[in-house]
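Reading through the structure tokens given below for one structure.
The values are calculated or read from the model by the stated rules, or taken from the named source; none is laboratory data. Note that the structure is predicted; figures quoted are calculated from it, not measured. Don't worry about glycine lacking a Cβ; one is built from the backbone with ideal geometry, like all the others, and counts go over all protein chains shown.
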Amino acid sequence: MTLSEKIIRYIYMIIFIFLTLTGFAQMPIFKRYHIADIPGLGWLAQFYVTHAMHYIFAALLIGLCCYLSVDHMLDGRKERKLTKTGYAKAVMIAGLILTGALMVVKNFSGTPYPPLMVSLLDLCHLALCLVLLFYSLLTVITRKHWVRYPIREIINRWNMESGKGVN
């Protein structure tokens, strides 16, 4: 993994953590269960603070997704291939972005959504978040990666066959 890939990975993890934290802070669970009473975590009980932070990190996630998509399309070598894990996570993230965007539109004045649609959007957004969280935990435990590098696999296989070990 190159340095730029490591930096992008850490940026993604920070965005993912803060989106999850601020998303769950939209529900009053931090105040209800006195987590916000812990020194330094009082901001978790302030709806407008967590709401603004959630929007900021959502914009960062969308920007990161756009950057990675364009980078992948413009990469002439095509040595990076998405794995099944990568496709599954990409679909989940796309679903989160879509439901989140529809929820943002819901907050504009003059766009009446029926109450059932609002509930469905909230539940779909929350369900996608939970599925992505558990799937991400599973992929960390099983060491599944988003991207496969066929060239590295060939080199590693050659090294194993020649007795040189894995580099």
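Quick look at the values:
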read-out: Residues (in a helix (DSSP H, G or I), free of Cβ contacts under 8 Å to residues at least 24 places away in the same chain and within 15 Å of Lys84 (Cβ to Cβ)) located in segment 128-143; value: Leu138, Thr142
read-out: Residue ID - nearest to the chain's Cα centre (by Cα), chosen from residues in segment 92-106 that are among the small types (Gly, Ala, Ser) and loosely packed, with under 15 Cβ neighbours inside 10 Å; value: Ala94
read-out: Test: residue in segment 56-65 that is part of a helix (DSSP H, G or I), closer than 15 Å to Trp146 by Cα, out of contact with any Phe, Trp or Tyr (no Cβ under 9 Å at 6 or more places or on another chain) and not assigned by TED's automatic domain parsing to the domain that holds Ile141; value: yes
read-out: Condition check for Thr50: more than 15 Å from the chain's Cα centre (by Cα), in a helix (DSSP H, G or I) and surrounded by 15 or more Cβ atoms within 10 Å (Cβ to Cβ); value: yes
read-out: Condition check for Leu68: of a type outside the set (Phe, Trp, Tyr) and within 17 Å of His145 (Cβ to Cβ); value: yes
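Residue by residue, here is whether (1) within 25 Å of Glu5 (Cβ to Cβ); (2) at pLDDT below 90; (3) among the charged types (D, E, K, R) holds:
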position: Lys106; (1), (2), (3): no, yes, yes
position: Asp122; (1), (2), (3): no, no, yes
position: Arg143; (1), (2), (3): yes, yes, yes
position: Glu153; (1), (2), (3): yes, yes, yes
position: Asn159; (1), (2), (3): yes, yes, no
